[in-house]
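Read-outs: derived from the displayed coordinates by stated rules, not from any lab. Fair warning: this is a prediction, and the values are worked out from it, not measured in the lab. Note that we place each Cβ from the backbone using ideal geometry, even for glycine, and neighbour counts take in every protein chain shown.
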Amino acid sequence: MKEIRNICCIGAGYVGGPTMAVIAQKCPHITVNVVDINAQRIADWNDTDLSKLPIFEPGLAEVVAEARNRNLFYSTDIEKSIQEADAIFISVNTPTKTYGVGKGMAADLKFVELCARQIARVAKEDKIVVEKSTLPVRTAQAIRTILDATGNGAQFQVLSNPEFLAEGTAIADLYAPDRVLIGGGEDAAGQEAIQALAAVYRNWVPKENIFTTRVWSSELSKLTANAFLAQRVSSINAISALCEKTGADVDEVAKAIGMDSRIGAKFLKSSVGFGGSCFQKDILNLVYLCRHFNLPEAADYWEQVVKMNDYQKHRFAKNIIDSLFNTVSGKKIAFLGWAFKKDTNDTRESAAIYVADELLQDRAEIHVYDPKVPAEKIYADLEYLQTQKTGCHPEGSEATRDLLNRVTVHQNPYDAMKDAHAIAILTEWDEFKTYDWQKVYEEMLKPAFVFDGRNIVDKAQLEALGFEVYNIGKGK
Ligand code: NAD
Ligand code: UDX
């Protein structure tokens, strides 16, 4: 297998965008073409105004500025980029299926299949095809079957190289990954392909951190890693409910158990519930696989992680309604944060969407401020949830229009909080800690409630100002 000198990445999203920018920056001798069917997204990646990049990620703009138009290119010419490439990364979205067999559980692989068919149709020379998207175990077999059916003489090697970056820290994660995982065929050609891809990463990743496995182990490791991480969050969130009943403090419990080196301190931060495009989707996919292979006990075990997360979001919303004298009808509730975590503009599966929906069903007036999420995204998230719940397109539905009319998005946090009955903190943006809480208190209706879904503000300080403060997992 020849050295990789030209890469095509199909999918210019949260994974393809940052990952390829870092490969291009660290490997100036490799040409990297990032392609997408979404022309607007590609135009945004090419925008000379770096604040217009489609993804907000600390440090990303600097990397793009260095490599773009040197050896990093964004385009919609997918076929040309496939033809020129030695290695083609598939980084397209793999959402949960919303229809037919496996609806609500299985990963929808239609975009991946389309990529495989396009590669099969266009490629005339040997290629390495890299699964960068998160895929169910044994997808490489399906991709291989499609590629091998071309009969045009080109030889393909399919590798699994899952991405472990987390949003908000993507550039740091890509610069110093805990490991790069590459799975491939066990025959000589498979091993050669693995080494060709490993050589790309060796430009900046120490060789001890590059772990090669058989392809099925690599595919399954990605789902497993996300399931384990999410399971830790659900576990500590389950304990937070018990803390609230018993007078224990979940942050103290988390610290105490995290000091045990067998448990470790990370991913034990209790919250309003995990969000993001990966955790729920990947666990549901794992559950689906377990059921498919007739392992119902294993399936039920992992499904509980998602159920616990739903419970946590619901518990937070219910506590707001209960505390506001059993109704939020007509009451102004300020939402600080809409993104699923800080330092990203991504809102997929954000807890904020579900909490807002529950309060809107109780006729609240929601006023949102998020430093990075645009208003149209917030409305689209709520509208999409109505589609999911009702099974039909909500456009024109009076109930949905009424619901969206009760949502206002602000550019200034103080406007969002002025005259509010309550503030709900949904995302842990650092700037929320720096607000003039005295001014906020003076401008709110009394009693002034704060529901801190991230445990980031100083409870004692706010209580001293007169606020009624509710945290996650802090018993009285
Ligand atoms: P995304 O939705 O941000 O980006 C996917 C892109 O693929 C979109 O721009 C879409 O237009 C494009 N696309 C879809 N079909 C295409 C086709 N046939 N041809 C060309 N372009 C096409 O998704 P993402 O967050 O980047 O996730 C991609 C994959 O990576 C998923 O499988 C996800 O599970 C996995 N992953 C995501 C993260 C994360 O933090 N977001 C981390 C690790 C792994
Ligand atoms: C996750 C995985 O961490 C990453 O390895 C994988 O590649 C993609 O999925 P991401 O979803 O971007 O990354 O962010 P992550 O930091 O894992 O947070 C996910 C959600 O869990 C967020 O809503 C976050 O606020 C929440 N979380 C995380 C907690 O509530 N408590 C924690 O201790 C950690």
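If you line up the long axis of helix 110-122 against the longest principal axis of the chain, both from Cα atoms, how many degrees apart are they, to the nearest 10?
20 degrees
Quantify how much of the Cα-Cα distance distribution of the stretch 340-415 extends past 19 Å, in percent. Provide the component values of the computation, followed by the final result.
Values: 919 of 2850 pairs.
Summing the P(r) tail past 19 Å for the stretch 340-415 gives 32 percent.
Based on the mean of other Cβ atoms within 10 Å per residue, sort peptides 450-457, 262-269 so the most packed one is first. Don't jump to the answer; show the numbers that get you there.
On the way: 450-457: 22.5, 262-269: 13.4.
Packing order, densest peptide first, comes out as 450-457, 262-269.
Going through the cross-link list LYS245/LYS418; LYS342/LYS459; LYS318/LYS459; LYS266/LYS318, which pairs have a Cα-Cα distance over 24 Å in this structure? Display every interim value, and only then the final one.
Numbers: LYS245/LYS418 32 Å; LYS342/LYS459 20 Å; LYS318/LYS459 20 Å; LYS266/LYS318 28 Å.
Violating the 24 Å limit, Cα to Cα: LYS245/LYS418; LYS266/LYS318.
What aspartates and glutamates does LYS446 reach when the alpha-carbon gap must be under 19 Å and sequence neighbours fewer than 8 apart in one chain are set aside?
ASP322, GLU365, ASP415, ASP419, ASP436, GLU463, GLU468
Beyond 21 Å, what share of the Cα-Cα pairs of the stretch 189-335 is found? Please give it as a whole percent.
Numbers: 6568 of 10731 pairs.
The calculated P(r) of the stretch 189-335 puts 61 percent of pairs beyond 21 Å.
I need the peptides 270-279, 191-200, 439-448, 349-358 ranked by packing, meaning the mean over residues of other C-beta atoms within 10 angstrom, with the highest value on top. Walk me through the numbers on the way to the answer.
On the way: 270-279: 25.8, 191-200: 19.8, 439-448: 15.9, 349-358: 23.5.
Output ranking for 270-279, 191-200, 439-448, 349-358: 270-279, 349-358, 191-200, 439-448.
What's the whole-number percent of alpha carbon pairs in the chain lying beyond 34 angstrom?
The share of Cα pairs beyond 34 Å in the chain comes to 39 percent.
If we sort 168-181, 221-234, 143-156 on the protection proxy, mean other Cβ atoms within 10 Å, highest first, what's the order? Present the calculation step by step, with values, prior to reporting the outcome.
Numbers: 168-181: 17.9, 221-234: 19.4, 143-156: 14.9.
Ranked by mean Cβ neighbours within 10 Å, highest first: 221-234, 168-181, 143-156.
What are the radius of gyration and Dmax of the stretch 250-471, computed over its Cα atoms and given in Å?
When restricted to the Cα atoms of the stretch 250-471, Rg and Dmax are 18.4, 59 Å.
So if I take the centroid of the Cα atoms in the stretch 258-337 and the same for the stretch 158-181, what is the distance between those two points in Å?
24 Å
With a ≥ b ≥ c the root eigenvalues of the C-alpha gyration tensor of the stretch 36-164, is it rounded (a/c under 1.5), prolate (a/b larger than b/c) or oblate? Each step should come with its number before you reach the end.
Working: a/c = 2.12, a/b = 1.32, b/c = 1.60.
The shape class here is oblate.
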